[in-house]
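Shown next, in structure tokens, is the structure this report addresses.
FYI, it's all coordinate maths here, none of it is from the lab. All of these numbers come straight from a predicted model, not from anything done at the bench. Because the Cβ atoms are built from the backbone with ideal geometry, glycine has one as well, and the counts that use them run over all protein chains shown.
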Amino acid sequence: MDLGFIIPTKDRPNELRRLLSSLLIQSNKKDRIIVVCSGNKSTFLTLQKLFHKKATFLYQKNSGQVKQRKLGIQKLGRYKWICFLDDDIVLQPEAVRHMKNYLSSSKNSKLGAVSFNLINEKKHKKRLLSGLYNSLGIMPANAGKISSSGCIGSIAAVEKTIKTEWVVGGATCWRSSILKNNPNKAPVESWAFAEDVNYSYPIGKMWDLMVLKKAKALHLHPHSLRPNHWKSTALERQFFYGYVFNKKYFPKKPHAFYLHQIIVLVLSLCRNLVSPIKNINTMQLKLLYYLLRGPAFIETKLKKTI
């Protein structure tokens, strides 16, 4: 079985070398690897010279991941399955073989996407009140599920192959027809959060999405090196994401979003207060104020962050 791989990258040559090293020893001559670079042109030319015999390098100036992936898809017309890999992924030995075996042996005509198993990320943990939280739509009880509040169940470090409601944007093999018929749109919101959920969740209503236990990979993202392009903090971005998700997919269950946010924010405030530092996060207080003011006020704030 042959696979097409698309790797969007920007000015992270060390991470890209590391990923390609882990991929090239597992791929065959019929696989095609496309690296779509943006950012520094000299970095692109250096990498292209180093790997040009083993991968196709394309350049798009300041395009963003969504546009980079679209360009790669255009070059992979004959491939039935296309894998998106972020440059901070490292494939573990035999990961590609396990993925190919699974895809080629599957008789499921509704199989839409299969994610690699990110074994170093936090796995889903069942909480003491998981059953109650799940019934109220506050938090999902199982891995890979998304509650009506917008709370996402982790799909990392799975101990068995699971069916899920969403897949990781940068470590997943997609049926190519889905990518061509459901083009992703680049987010314009400054609060953009969980773009992979926003893209894959509605597709998961029509196709089966899976996480393959044996196809293991590491996600070695350098948080400290990532520039912050957003006007809002991570906490505020998650808040707006949950509000928009709940309104779009569960308009009759607004209570789920409010209950989830109140529980998370109040517990976070309590933890901060009892800590030795006794640090009160002003953003937590700010978001609680948003909740007290209600939907109309949240909508106003939401528009100002775009």
³J(HN,Hα), Karplus 6.51/-1.76/1.60, whole Hz, each residue of the range 82-89, x for Gly, Pro: 10, 9, 8, 10, 6, 6, 9, 8
Rounded Å value of the spacing that divides the Cα centres of the range 236-253 and the range 125-195: 14
Extension gain (nm, one decimal) between residue 2 and residue 205, 0.36 nm per residue minus Cα-Cα: 70.4 nm
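Return a whole-number percent for the relative contact order of the chain, with Cα pairs under 8 Å and 6 or more residues apart as the contact set.
On the way: 519 pairs, mean separation 57.4, N = 306.
Result for the chain is 19 percent.
Would you kindly calculate the translational diffusion coefficient of the range 119-211, applying Stokes-Einstein with the Kirkwood radius from alpha carbon pairs, for 37 °C and a viscosity of 0.692 mPa s, and quote it in µm² s⁻¹ without decimals?
Working: Rh = 14.3 Å.
D = 230 µm²/s.
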Amide H contacts under 5 Å for residue 162, placed H, 5+ residues apart: 211, 213
Virtual spin-label span in nm between residue 59 and residue 104, 7 Å along Cα→Cβ: 3.7
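Compute the length gained on full extension between residue 127 and residue 30: take 0.36 nm times their separation in residues and subtract their Cα-Cα distance, giving the result in nm to one decimal. Provide the component values of the computation, followed by the final result.
Working: separation 97, 0.36 × 97 = 34.92 nm, distance 4.57 nm.
So the extension gain works out to 30.4 nm.
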Highest-fluctuation residue, 118, 85, 128 considered, GNM on the chain with Cα pairs under 10 Å: 128
Choice from 64, 242, 72 showing the highest fluctuation, given a GNM over the chain with Cα pairs closer than 10 Å: 64
Farthest toward positive dipole pole in the range 234-304 [+1 Lys/Arg, -1 Asp/Glu at C-beta], among 240, 284, 264: 240
Theoretical FRET efficiency, 1/(1+(r/R0)^6), r = Cβ-Cβ of residue 78 and residue 14, R0 41 Å, to 0.05: 0.80
From the coordinates shown, volume of the Cα convex hull per residue in Å³ corresponds to which of [x] 120; [y] 148; [z] 132: [y]
Where no second cysteine Cβ lies under 4.7 Å, the cysteines concerned in the chain: 37, 151, 270
Cα-derived Rg over Rh, computed across the range 234-304 with Rh taken as Kirkwood radius: 1.01
